Every structure is written in C-alpha cells, then in structure tokens.
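A.B. asks: One structure, pasted below without further comment.
Here, each number is a calculation from the coordinates, and none is a lab measurement. Remember, predicted model here, so these are calculated numbers, not experimental data. We place every Cβ from the backbone using ideal geometry, glycine too, and count neighbours over all the protein chains shown.
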Amino acid sequence: MKRESVIGRANVDDTPELEAYYRALEGEALGALWNVANEIEPWYPQPKSVPVLWKWRRIEPLVRRAPELVSAEKAARRVVMLVNPGRKEWSAAAGLLYTGVQIMNPGEFTSAHRHQASALRFIMEGRGAYTVVDGERLALCPRDLVLTPNGTWHDHGIDAGGTQCVWQDGLDIPMMNALDANFFEVHPDVLQKPAPLSRENWSKPYSPVFKYSWDESYEALKKSTTHSVFDGAVYQYSNPVTGGPIMPTIGAQLQLLKPKEQTKAHRHTGSAIYQVAKGRGWSVIGGQRFEWEEKDIFALPSWAPHSHGNSSASEDAVLFSFNDFPAMRALALYREEETK
Ligand code: GTQ
C-alpha cells in the first residue's frame with residue numbers, strides 16, 4: 001500500500017488481523033479501498049507511458065525486412081508497431097493511442113474491412129499508394145493525411161506501377177479496447193468497388209473530407225495566423241462542416257517552428273504521437289531531451305511537460321501529430337497549464 005500521512009488520504013498500518021481480513025475479502029471478490037486508494041486516485045495523472053523517440057534510421061531496416069518475411073495477405077496489415085515500453089499490454093504508443101508503420105510493395109493490397117477504431121495515415125514515402133474509403137479511391141503522396149474514420153470501409157494498396165510505400169498508421173485501438181467498445185468486420189468482397197460517396201446533409205460524426213493533401217495543408221500552415229507560445233504556428237486538420245476535429249476521438253495538426261524558434265513548456269491531459277515532417281530539432285519531454293529529424297516518431301504521454309525547438313538557423317521545422325484531445329474534450333477531461 002502507498003501510505004500518505006495527509007488528512008483525506010489512506011494511511012493504514014498492516015496487522016495480522018487486517019491481513020487475515022484482506023484474504024477473506026479477496027476470497028469473496030472484495031477488496032479494501034484504503035489499500036489502493038492513493039494509487040487509483042493519484043493527485044494528478046500518472047501515465048504508465050513514457051516519452052519515447054523512435055529514430056527512423058534505426059527502425060527503417062526493420063520495417064524494410066517485414067515484406068521479405070511475411071506477405072501482405074497473410075499479415076492482413078503488415079505493420080511494425082511502435083510500442084511504448086510502459087504500455088505493451090495495450091499495444092499503445094502513448095496513452096490509449098496506437099501507432100505503427102505499414103509497408104507495401106507495388107501491386108499489393110489489404111482486403112477491405114472496417115472497425116470501431118478511428119484511423120488515419122500519414123504517408124512517409126513512395127509512389128502509387130491509394131486508400132479506398134467508403135468506395136472513394138484516394139491517391140496518396142508523401143505527407144498526405146488520409147482518414148479512415150470509425151465505421152468506414154477501407155482497403156489500401158499500391159498501384160502495380162508504383163514503388164514500395166511506407167506510411168504511419170494512427171488509431172485509437174487501445175481506447176476502444178479500454179472502453180470495451182471495439183468491433184471489427186471484413187467486407188463481403190475482398191476489395192470495394194469504387195462508387196461515388198454522397199456528402200449531402202452530412203451528419204456523420206467525422207469529417208466528410210478524407211484526404212488532406214500535404215501541399216494544401218503545408219500552404220495553410222505557412223499562412224496560419226494561429227501561433228501558440230507552446231506549439232509555434234499551428235494548422236489544425238479540421239472537419240469543414242463543424243470546424244471541429246477530424247474524428248470524434250482523434251485530432252491532428254501540423255506545427256511549424258521557425259529557424260531557431262523555441263517554444264515555452266506546458267502540459268496537458270491527453271496523449272500525442274508526433275512525426276517529423278520536415279527539418280530537425282529537439283523536444284524536451286518530462287525532462288528528457290530528444291533530438292529529432294525527418295520521419296522520426298515520438299510519443300508524448302499525458303500531463304508530461306514538454307517544449308520543442310528548431311535546431312536549424314535557416315530551415316523551418318514541421319511536426320505532424322495526432323492526439324486524443326477530441327475524446328478528452330468530449331468527456332470534459334482536457335486541462336492544460338504552463339510549466340517550467
Ligand atoms: O489499416 O485499418 O496499423 O486496422 C492497425 C490496425 C492499421 C488499418 C493498423 C488497422 C489498420
């Protein structure tokens with residue numbers, strides 16, 4: 001038991017009599033709250049997730065090896081997961097967010113499926129990648145963002161004339177499992193037949209825009225008038241119908257740090273996973289300094305103080321990230337404060 005000598009906190013001495021009592025409780029599927037109260041009601045969030053940086057130059061050879069070892073068909077989705085050492089049992093990269101790097105060769109495809117989890121992909125490299133979302137075929141280029149929102153049918157592939165493609169998947173799989181609300185279905189056909197999707201009277205709980213091209217998003221980021229002392233210039237990927245987040249549980253943004261720009265530190269509830277879209281720099285997360293460059297991926301656990309900086313004196317740095325803030329806000333759990 002984690003004892004605390006503070007009024008209002010549990011502070012009970014073990015005695016032989018109490019220990020016998022605890023065993024009797026356990027036998028009836030009962031327990032004494034005061035043995036766990038200080039742990040299950042922490043003063044502030046105590047994430048099991050730790051800050052992690054996955055350097056692309058270290059993970060790339062392992063990602064490239066996957067297609068040599070397992071077919072896209074047998075794997076169903078051939079993905080190398082990024083697993084937070086503190087969240088292995090949840091297959092989470094941070095908090096209740098999952099991320100992985102998917103690799104596909106020209107002519108390969110995944111069969112069509114849908115799930116309760118909301119998903120997005122940030123393309124890392126290659127030519128000829130496409131995703132079909134609810135019948136709509138979207139051609140993808142590096143740094144494009146594509147959504148496969150909760151409940152939409154999707155299959156992905158690479159045109160026969162394309163090149164090997166790599167992208168980052170981001171999903172809320174651990175959140176759906178934590179809420180015991182996950183579902184998965186395979187489509188009756190292996191691949192969807194492309195069909196136009198009507199967007200009239202759009203009332204779905206996610207953006208009717210499924211693809212956010214890099215060129216347009218980057219232009220909008222450079223023109224962004226939203227500048228945060230904690231994030232730099234920000235471009236929020238948004239649902240044009242509501243002005244709100246792209247999906248009910250997952251949000252995404254780009255942030256631009258000018259040459260040598262350094263942000264102030266803050267912390268907030270909610271987790272985020274970053275990918276370096278451009279440039280090089282550093283982030284200090286929970287007191288640990290991480291040096292990053294293009295295609296590196298890093299995890300920000302909830303409530304960890306963090307700040308970012310651009311190391312270059314001449315080039316912009318751009319970070320793509322996705323987060324669970326929409327879920328946190330929907331549940332009125334979002335909090336934020338400046339830190340040192
Ligand atoms: O493509 O829908 O990385 O369902 C993990 C689970 C990708 C997907 C992942 C998935 C997908």
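A.B. asks: Just to be sure I understand: with springs between alpha-carbon atoms less than 10 Å apart, which residue in ASP155, ASP14, ASP189 has the highest mean-square fluctuation in the Gaussian network model of the chain?
C.D. replies: Result: ASP14 has the largest fluctuation of those listed.
A.B. asks: Measure off 7 Å from each Cα along the Cα-to-Cβ vector at PHE184 and ASP14, then give the distance between these two points in nanometres to one decimal.
C.D. replies: Placing both labels 7 Å along Cα→Cβ, they lie 4.1 nm apart.
A.B. asks: Let me ask another. Between TRP202 and GLU125, with labels modelled 7 Å along Cα→Cβ, what's the label distance in nm to one decimal, could you check?
C.D. replies: Result for the modelled spin labels: 3.3 nm.
A.B. asks: Same structure, new question: Which lysines, if any, have their Cα less than 17 Å from the Cα of LYS258, not counting same-chain residues under 8 positions apart?
C.D. replies: The reachable lysines, counting only those whose Cα sits under 17 Å from LYS258, are LYS222, LYS223, LYS278.
A.B. asks: I'd like the distance separating the alpha-carbon centroids of region 163-204 and region 130-145, in whole Å.
C.D. replies: Their Cα centres are 12 Å away from one another.
A.B. asks: Follow-up. Between 0 and 90 degrees, rounded to the nearest ten: what's the tilt of helix 56-69 against the longest Cα principal axis of the chain?
C.D. replies: Helix 56-69 and the main axis of the chain meet at about 70 degrees.
A.B. asks: Any idea what angle helix 16-27 forms with the longest principal axis of the chain, computed on alpha-carbon atoms, 0 to 90 degrees, nearest 10?
C.D. replies: So the helix axis and the longest Cα principal axis differ by about 40 degrees.
A.B. asks: Here's another thing I want to ask about it. What whole number of Å gives the distance from the Cα centroid of region 249-317 to the Cα centroid of region 27-61?
C.D. replies: Region 27-61 and region 249-317 have Cα centres spaced 23 Å from each other.
A.B. asks: Ok, one more. If the cut-off is 23 Å between C-alpha atoms, which lysines fall inside it for LYS48, apart from same-chain ones fewer than 8 positions away?
C.D. replies: Here the lysines satisfying the reach criterion relative to LYS48 are LYS2, LYS88, LYS340.
A.B. asks: Under 22 Å between alpha carbons, and skipping anything fewer than 8 positions from LYS204 in its own chain: which lysines qualify?
C.D. replies: LYS193
A.B. asks: Who wins for biggest fluctuation among ALA29, ALA272, ALA75 in a Gaussian network model of the chain, springs between alpha carbons below 10 Å?
C.D. replies: Of ALA29, ALA272, ALA75, the most mobile in the Gaussian network model is ALA29.
A.B. asks: Which residue fluctuates most in the GNM of the chain (Cα springs below 10 Å): VAL132, VAL209, VAL83?
C.D. replies: Comparing VAL132, VAL209, VAL83 in a Gaussian network model of the chain, the most mobile one is VAL209.
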